[in-house]
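Participant: Below are the C-alpha cells for one structure; questions will follow.
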Amino acid sequence: MSSRPLSSLMLMVVSAGMAVAALVAGTPARATPDGPLRLERDVELDTRLTQRARYSLERMPLVDGQSRPRHVSASMDIAKGVITVRLDRSFLPADYGPAFEDQRSIINNGLIHEAEQFAPVNAVKYLYDGKDVDHYFPEIKAADDAAREAGERRRQGGGGAGMAFVAAGHGYFLSHRTNAWVTTRDEHHGVNEGLLTPLYAAELKGLVEARSHMPVVRPRVQDAGPIHEDSGFEWWTMAARYAIARQYPGETSIWNTYAGSTLWDREEREDINSRPMLANHLNADVAIHLHSNADDNGTARGARVITQPGRAVDHALGRSVLCSMKEAIQSQPGYESFVVAPAPHEENKGENREAKMPSIIVETAFHTHPDDARALLDPVFRTAAMKGVEKGYRLWAAGKACEPLVGERIARVSLPSGGAEDVEVAFKGNPEYPLRLVTVSAHCPPGWTCTEGTRTIASPDQPHAIRLSCGAEAVGTLTWNTHIVDADGVASAPVLHLVNCG
Ligand SMILES: [Zn+2]
C-alpha cells in the first residue's frame, strides 16, 4: 500500500441519489464510510493512470490496422476496483487476436502496478470511442458467451472426465510475415517465457498426479531431444498447436481454426485457440495455463492469476490458487515477502475464453523484473509456486477454504513429579502430511534440563499429540513453545503452553 501522505489527495465522492460530484481536498481516500457511497475517484490517481497508459501506448508496437490513439484517459472506480481506459477507435486492430490481447495485458500491468500502490484492482475495462470492444467484435463476445453457457450446462450435467489440463504458454510458431519460426516473447533477465513454462508444467503435472490423484494432459511435447523437422528446433520448444496437430491430425477444429486465413500470425492464433479446444475435446475438469508476466518498464512484480470476466467459478478457483501460492511461496527462505495478488485480475484472454471448464492463467512472476526473473529461474521457487497451484485447485475442488495454518491453544497440564501425559495439538488450516510438531523450551527453571522434541505425524488419522513429562524430582512450572511444520515447509506461529510439575 501507498505511503504517500493522504493529505495530498484529492477525493471526488458521488453518493447515491446525488448526481453532483463534490470535490473535497484533503480527505483520506481510503476512508470509506458505511453510508451511501457508490463511487470513489481520486483525481491524482487518475492523472497518474492516464500518464501510465500513455507511456505504454506511445511505445508499443502496433498491430495491423491500428494507429496510435490521439485521446487517452484512464480513471479508477476505487470502490469497485475497476480502471476504465478511454481510447479512440483508431486503436482497434483490423481483427481481434492474441497480439491485441497482449497489448492490453501490457497496458493493464502498468496500470495495475500504478493503482495497486494505492488500492486493489479487479479489472481494467476499455472503451473505444465510448463503446466496449464487444461492440466492434461481436464474434468474440459470442464465443465468450457460448463457452460460458456450455460450462454452466456441463457443471449441471456432472462435470468432466476426471483429468486436469496443464498448458505451458507460448513456444515457437511459424510467422507468415517473415517465414521464420519465432516466439512472441523476448528474453528478459535470462528468462525466455516459452522455454521456461514447460518446466513449470512438468512440476505441476507431477504434483497434481501425486496429490490430487488425477491424470494430467499437457499439450506440448514433454521429452527433450526429438527435433521438429520443419523448424529444426527441439519438439519440446514448439507451441502446443504443432504437437496437437501431430497427435490429432484429423481434429482440425482443434488446431487449424484459421484454415484459409492469410493473417501472418494465423498459427499463433491457432496455438492460443488449440489449448482450450483440446481441453474441451478431452472434457478436462480444469484448465491451468502457465505463464510468466511482463510490463514495459520493469517495475511490476509478483504472482497473479487471470480469469475470464463473468465467470464466478473460475474466479473462486483463481482466488484459492493465489491463496495457496502465497502460503507455499512465502514459506520458502528468501521469499517471505514475495508478492502474491490476493485475488484474480479479470481480463478477456483467448485461453480462458474458449474453455468450457474452469480455466485460469497463472502468471507466476514478472520476467521483466530482475528479482522476479531470478525467482522464476530458481527451482525452489518453482516447486513452491506449483505446490501452491495444485493445493489451491485441490482445496477448491473439495469445497474447502484456503486458510492459514494456525495452532490452537494447548492445554495447561499439571503432572506429578516423574509423570507424563500426551497433550493434543489442534490447528486450523490445510497442511500437507507428514507434519512435525516442534516443541522448544520457552522458560526452563534454573538448574533444570528441558529436553526439546519433535514428533512426526504421518497422516491425519493419527493422534496429533505431544508427550509432556516431568523429571522424578521436578517441582515447579516450565513453559514450552510448540509449532507445526508441514511437509512443504509451511509453519504455524509458536503457541506458548505451561506444565506444572509436582
Ligand atoms: Zn505469456
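The values are calculated or read from the model by the stated rules, or taken from the named source; none is laboratory data. All figures in this text were calculated on a predicted structure; none of them were measured in a lab. A quick note on method: Cβ atoms are made from the backbone with ideal geometry, for glycine too, and the neighbour counts reach across all protein chains shown.
Participant: Condition test on N283, is it more than 30 Å from D64 (Cβ to Cβ), of a type in the set (S, T, N, Q) and either away from the ligand (no atom under 16 Å from the Cβ) or surrounded by fewer than 21 Cβ atoms within 10 Å (Cβ to Cβ) (or both)?
Facilitator: yes
Participant: Then there is this: With in contact with an Asp or Glu (Cβ under 6 Å, 6 or more places away or on another chain) and of a type outside the set (A, V, I, L, M) as the only criterion, which of R241, R218 stands out?
Facilitator: Just a single option satisfies the conditions, and that option is R241.
Participant: Checking the conditions here, which among E346, E351 is within 16 Å of the ligand (Cβ to nearest atom) and buried (at least 17 other Cβ atoms within 10 Å of the Cβ)?
Facilitator: Only one candidate qualifies: E351.
Participant: Please enumerate the residues belonging to segment 437-452 that are exposed (fewer than 15 other Cβ atoms within 10 Å of the Cβ), of a type outside the set (D, E) and touching a Ser or Thr at 6+ places or on another chain (Cβ under 7 Å).
Facilitator: Correct list: H443 only.
Participant: Now for a different question. Taking strands (runs of 3 or more DSSP E) that do not extend beyond segment 417-501, which have at least 2 residues that are under 30 Å from F381 (Cα atoms)?
Facilitator: 435-443, 453-457, 476-485
Participant: Here are some residues: V305, V321. Which one is within 16 Å of the ligand (Cβ to nearest atom), within 18 Å of V208 (Cβ to Cβ) and under 11 Å from the mean Cα position of the chain (by Cα)? Lay out the reasoning, then the answer.
Facilitator: Values: V321 fails: within 16 Å of the ligand (Cβ to nearest atom).
It is V305.
Participant: With the structure loaded, tell me whether S175 is more than 16 Å from the ligand (Cβ to nearest atom), farther than 26 Å from F366 by Cα and either among the small types (G, A, S) or at pLDDT below 95 (or both) or whether it fails that test.
Facilitator: no
Table: residues versus (1) in a strand (DSSP E or B); (2) more than 24 Å from the chain's Cα centre (by Cα); (3) loosely packed, with under 11 Cβ neighbours inside 10 Å; (4) within 16 Å of the ligand (Cβ to nearest atom).
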site	(1), (2), (3), (4)
E139	no, yes, yes, no
D144	no, no, no, no
E152	no, no, no, no
G158	no, yes, yes, no
G162	no, no, no, no
H170	no, no, no, yes
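Participant: Looking at the structure I just gave you, is D271 charged (D, E, K, R), under 18 Å from V124 (Cα atoms) and within 15 Å of the ligand (Cβ to nearest atom)?
Facilitator: So D271 does not fit the description; no.
Participant: Still on this structure: Before we move on, is T252 of a type outside the set (D, E, K, R), in contact with a Ser or Thr (Cβ under 9 Å, 6 or more places away or on another chain) and either over 25 Å from G392 (Cβ atoms) or within 16 Å of the ligand (Cβ to nearest atom) (or both)?
Facilitator: no
Participant: Now, a different point. Determine, yes or no, whether V313 is more than 16 Å from the ligand (Cβ to nearest atom) and either of a type in the set (S, T, N, Q) or more than 14 Å from the chain's Cα centre (by Cα) (or both). Quick ask: steps written out before the conclusion?
Facilitator: Values: more than 16 Å from the ligand (Cβ to nearest atom): yes; either of a type in the set (S, T, N, Q) or more than 14 Å from the chain's Cα centre (by Cα) (or both): yes.
Criteria met by V313.
Participant: Name the pairs: first residue in segment 174-198 and touching a residue at least 60 places away in the same chain (Cβ under 8 Å), second residue basic (K, R) and within 12 Å of the ligand (Cβ to nearest atom), Cβ to Cβ under 8 Å, at least 6 apart or on different chains?
Facilitator: Cβ pairs passing all conditions: E193/R185.
Participant: Answer yes if at least one residue in segment 17-29 is in contact with a helix residue (DSSP H, G or I) (Cβ under 6 Å, 6 or more places away or on another chain) and modelled with pLDDT of 95 or more, and no otherwise.
Facilitator: Scanning segment 17-29, I find no residue that is in contact with a helix residue (DSSP H, G or I) (Cβ under 6 Å, 6 or more places away or on another chain) and modelled with pLDDT of 95 or more, so the answer is no.
Participant: On to the next question. Having 2 or more residues that are under 30 Å from A487 (Cβ atoms) and of a type in the set (D, E, K, R) is the bar; report the helices (runs of 4 or more DSSP H) wholly within segment 186-277 that clear it.
Facilitator: 193-211
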